[in-house]
Amino acid sequence: MRHEVWPVVHAERAALAADLRRVPRARWNTPSLCPGWDVHDVLAHLVDDARTTRLGFLRGLVAARLDFDALNARGTARERAEDPQRTLARFRAVGTRTTSAPAAPATRLVEVFVHGEDIRRPLGLSHACPPGPVAVALRHQAATRVSFGGGRERMDGLRLVATDTDLVLGAGAEVRGTALALLLAVSGRPVRAGELTGPGSARLTDS
């Protein structure tokens with residue numbers, strides 16, 4: 001599967017870089033959908049994520065005393081330039097890298113889709129993510145515990161139905177929406193009013 005993931009990741013990185021080309025400097029401190037980070041922070045994190053290697057990740061985790069949040073904070077601070085355009089240039093420079101932390105290939109899709117929307121939505125930018133790869137990311141998040149960055153517990157008692165793919169996950173009160181809207185909600189992100197419908201939608205968005 002890994003060889004199928006990278007072309008999608010590279011295309012999504014390029015699309016995000018293009019979308020951010022004309023964002024004025026004053027808007028780079030806009031709060032993102034990722035709690036505690038502005039959109040500049042999220043982009044810096046994506047640069048750090050793209051530069052990460054398996055060995056580098058393990059060394060960094062040891063240095064951070066096994067604290068994932070501290071590890072991410074250090075990487076984000078390292079890659080965040082004073083000028084957002086320099087951070088954007090760094091992001092373009094790593095756009096075709098294929099290095100990764102020791103994690104499932106689907107996590108690369110989660111990173112580009114969720115963090116892409118973390119940035120775009122607060123800035124009023126729109127992008128059509130490919131539903132098939134988004135469904136792969138959603139399936140991964142649905143199987144991964146919240147403590148490991150997933151959203152399995154948020155799906156308890158819910159049946160997710162993607163309206164733009166044939167993906168159906170879980171059992172219980174139905175929640176319908178695009179694969180992207182479902183992915184964001186399962187990942188703990190807010191979605192727009194009306195993006196999710198069904199008797200279980202309020203429970204998922206409130207979790």
| task | Keeping to segment 12-31, report how many residues are free of Cβ contacts under 8 Å to residues at least 40 places away in the same chain and either within 17 Å of Arg108 (Cα to Cα) or among the hydrophobic types (A, V, I, L, M, F, W, C) (or both). | result | 2
| query | What pairs can you find where one residue is in segment 32-51 and polar (S, T, N, Q), the other is at pLDDT 95 or above, and their Cβ atoms are less than 8 Å apart, with a gap of 6+ or different chains? | reply | Ser32/Asp38; Ser32/Val39; Ser32/Asp41; Ser32/Val42; Ser32/Asp118; Ser32/Ile119; Ser32/Pro122
| said: Given (1) in contact (Cβ under 8 Å) with a residue 40 or more places away in the chain; (2) surrounded by 16 or more Cβ atoms within 10 Å (Cβ to Cβ); (3) of a type outside the set (Asp, Glu), identify the lone condition not met by His140. | reply: (1)
| Is it the case that some residue within segment 16-35 is buried (at least 21 other Cβ atoms within 10 Å of the Cβ) and part of a helix (DSSP H, G or I)? | yes
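Among the candidates Thr144, Thr107, single out the residue that is hydroxyl-bearing (Ser, Thr, Tyr), within 19 Å of Thr76 (Cβ to Cβ) and out of contact with any strand residue (DSSP E or B) (no Cβ under 7 Å at 6 or more places or on another chain).
Going through Thr144, Thr107 in turn, just one is hydroxyl-bearing (Ser, Thr, Tyr), within 19 Å of Thr76 (Cβ to Cβ) and out of contact with any strand residue (DSSP E or B) (no Cβ under 7 Å at 6 or more places or on another chain): Thr107.
The values are calculated or read from the model by the stated rules, or taken from the named source; none is laboratory data. Everything quoted here is computed from the prediction, not taken from an experiment. Don't worry about glycine lacking a Cβ; one is built from the backbone with ideal geometry, like all the others, and counts go over all protein chains shown.
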